[in-house]
Amino acid sequence: MTETFVVPEVELSGVSKRYPNGRIVLDSVNLTIAKGEFVTLLGPSGCGKSTVLKLISGLTSPSSGRIQVDGMTPKNARETVSYIFQDATLLPWRTVRQNVGLSLELESVNGDRRKQTTAALLDLVGLEQVGEAYPRELSGGMKMRVSLARALATNPRLLLMDEPFAALDEMTRDRLNEELLRLRSEQQWTAVFVTHSVAEAVFLSTRIVVLAANPGRILNVVPVDFSTARTAALRSAREFGEKVLQVSRTLREAFPQ
Amino acid sequence: MNANRTLQQQLITAANALGVFAALLLLWQLVLWIFRVPPFMLPSPWAVARAVVARFPALTTSLSITAEEAGGGLLASIVVGVIIALLFAQSRWVRRMLYPYTILLQTVPIVAIAPLILMWVGAGTASVALIAFIISLAPVIANTTQGLISVDENLVNLFLMHNASPRQLLFKLRLPHAVPSLFVGIRIASGISVIGAITGELYAGSSQIGQGGLGYSILYASSQLQTDYLFALVLAATVLGFAFFFVVMFLEWHFLHRWHESARAQETE
């Protein structure tokens, strides 16, 4: 048994999605994501970026084609997948601590372990001071941290993120991006990320998938690799600027003339 | 500093309310003096106050009878209303099929069916509570249903992503989400349950002569031309309505002030 057969983390083969009204949201998309990758889907509105996440999570089914997550159907793989939505989607009647514990609670993790994990995660995202606060008392950035902590609490292999920082100001967004990478280096999950921001995509990703709209399809795939570490300083580095330019150029092709 | 200021504001509000009250009493007395209204048409504020004191035991008995009927009807409407709302929240199909009947519940004139209920259930507390229940039911159903089904789609998706059971979806998401709406329903219902009970008593007031709730006593007092006592009864009915309203407001504040905007708005007002 020396042969190791590598199962890709996510595999979409010939996936199409049509709405009942006939509109084609995605047209035969092929995409393979390996373990440990950070893949960003980038493209104009209506290119089906969010639909790809919904398909990988099994929240919606494809009209044709096949999707596998860790060698299973999306629904069966859910135990190891976490989803972060554009809004923080916190339960307003629960404290921060109870919100972070929600994912574990739903998966029936027992009390003591849940308490420990929740405390550790609050610590990890820098929210230990506001554990007993209610969501309405928090800023947008802090809410997103809670959402992130909740998603990581179940120790996922795969993290799906649908424009999680789109509603935040740029400073907060940059800081959360740095934090996201720090968490990833500690926890080693695979990520599929959706954004409108080229700079955000370049900063975070190991690979950027550029999509075009009408019908939604993959236009280009841009690998991203830097010689320096991905810290705040990277944003002012020359290679970063060049990459942003390259991706922007590709993205422009995605828009009809 | 801040606490002092809010206390000061509350005192000013209270003083204003008392001022309006005093002005109304004065106006009332002036009308009596200027137009020389006979006391059986409009008694003086002083005569009403005397009637309250003189017949206090009878007044509180009537008040407590009506309070029990309205309270019983209201509690029943909350329990039954929430159960029906849970049924409605199950599917759009069920809602479409049954919703017209809740509108029926709201539009049927209670005055018109009160004699029927009297005939079926018999005179007394039970039929009055039943009338209060029927009239309070619709707002509880409508508001609770709205709260149960208006949950953000992504919150449902979040629960699904963590393999939540239907039970968890209901008890950890839909029901807590519906609590603010439920309270809106209860607030409306609490006011009309008192009205329903008094209306009911006008028809089905009492199984004993001379002893009944506020509505029954109002009829009795008016037939005897005891207008001062009639005013005292109306006053008691108002007090009862206020009491219901404040109990509901307090419960709403108690359960919601930590997380919900509506309860918070009441705090800062």
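Partner shielding of B:23-33 amounts to 0, given as the average count of beta-carbon atoms from other chains within 10 Å of each residue beta-carbon.
Could you work out the mean count of beta carbons from other protein chains within 10 Å of each residue's beta carbon in A:101-108?
4
Here the Karplus relation 6.51 cos²θ - 1.76 cosθ + 1.60, evaluated at θ = phi - 60°, turns the backbone of the range A:125-134 into coupling constants of 9, x, 10, 4, 6, 10, x, 9, 7, 9 Hz, with x for every Gly and Pro. Couplings for the range B:237-253, taken from phi via the Karplus curve 6.51 cos²θ - 1.76 cosθ + 1.60 with θ = phi - 60°, read 4, 5, 4, 4, x, 4, 4, 4, 4, 6, 4, 5, 4, 5, 4, 4, 4 Hz in order; Gly and Pro are left as x. Sorting the segments A:159-171, A:61-73, A:137-149 by their mean number of nearby beta carbons within 10 angstrom, highest to lowest, gives A:137-149, A:159-171, A:61-73.
Considering only beta bridges that DSSP places wholly inside the protein assembly as shown, some 50 percent are antiparallel. The range A:130-208 and the range B:123-140 have their alpha-carbon centroids 53 Å apart.
Could you tell me the center-to-center distance, by alpha carbons, between the range A:34-75 and the range A:230-251 in angstrom? The distance from the Cα centre of the range A:34-75 to that of the range A:230-251 comes to 26 Å. Give the distance, in whole Å, between the Cα centre of the range B:79-98 and the Cα centre of the range B:1-74. Result: 42 Å between the Cα centres. Under a 5 Å amide H cut-off, with hydrogens placed 1.01 Å from N, A:Asn155 pairs with nothing among residues at least 5 apart or on other chains. The largest-to-smallest principal axis extents of the Cα set in the range B:43-268 are 69, 44, 22 Å. Distances between placed amide hydrogens fall under 5 Å for A:Thr190 paired with A:Gly36, A:Leu158, A:Leu159, all partners being 5 or more residues away or on another chain.
Calculated on C-alpha atoms, the gyration radius of the range B:1-160 divided by its Kirkwood radius gives an Rg/Rh of 1.15. Derived scalar couplings between HN and Hα for the range A:65-73 equal x, 10, 10, 10, 10, 6, x, 10, 5 Hz in order, rounded to whole Hz, by the Karplus curve 6.51 cos²θ - 1.76 cosθ + 1.60 (θ = phi - 60°), x for Gly and Pro.
Counting pairs of Cα atoms in chain A, how many percent are more than 34 Å apart?
Details: 6064 of 32896 pairs.
So the portion of pairs separated by more than 34 Å is 18 percent.
Over the residues of the protein assembly as shown, the helix contribution to mean residue ellipticity at 222 nm works out to -19500 deg cm²/dmol, using -39500 (n - 2.57) for each DSSP H run of at least 4. Only Lys, Arg, Asp and Glu carry charge here, each on its Cβ (+1 for the first two, -1 for the last two); on that basis chain A has a dipole of about 500 debye about its Cα centre.
Amide H contacts of A:Gly216: A:Leu26, A:Asp27, each under 5 Å away and 5 or more positions distant or on a separate chain (H built 1.01 Å from N in the peptide plane; Pro and chain starts excluded). In the structure shown, the pairs A:Lys143/B:Lys172; A:Lys35/A:Lys143; A:Lys17/A:Lys75; A:Lys115/B:Lys172 are assessed against 25 Å; a Cα-Cα span above that value is assigned to A:Lys35/A:Lys143.
Coordinate-derived values only; no laboratory data. All values derive from a computational prediction rather than experimental measurement. Here the Cβ is made from the backbone with ideal geometry for all residues, glycine too, and neighbour counts use every protein chain on show.
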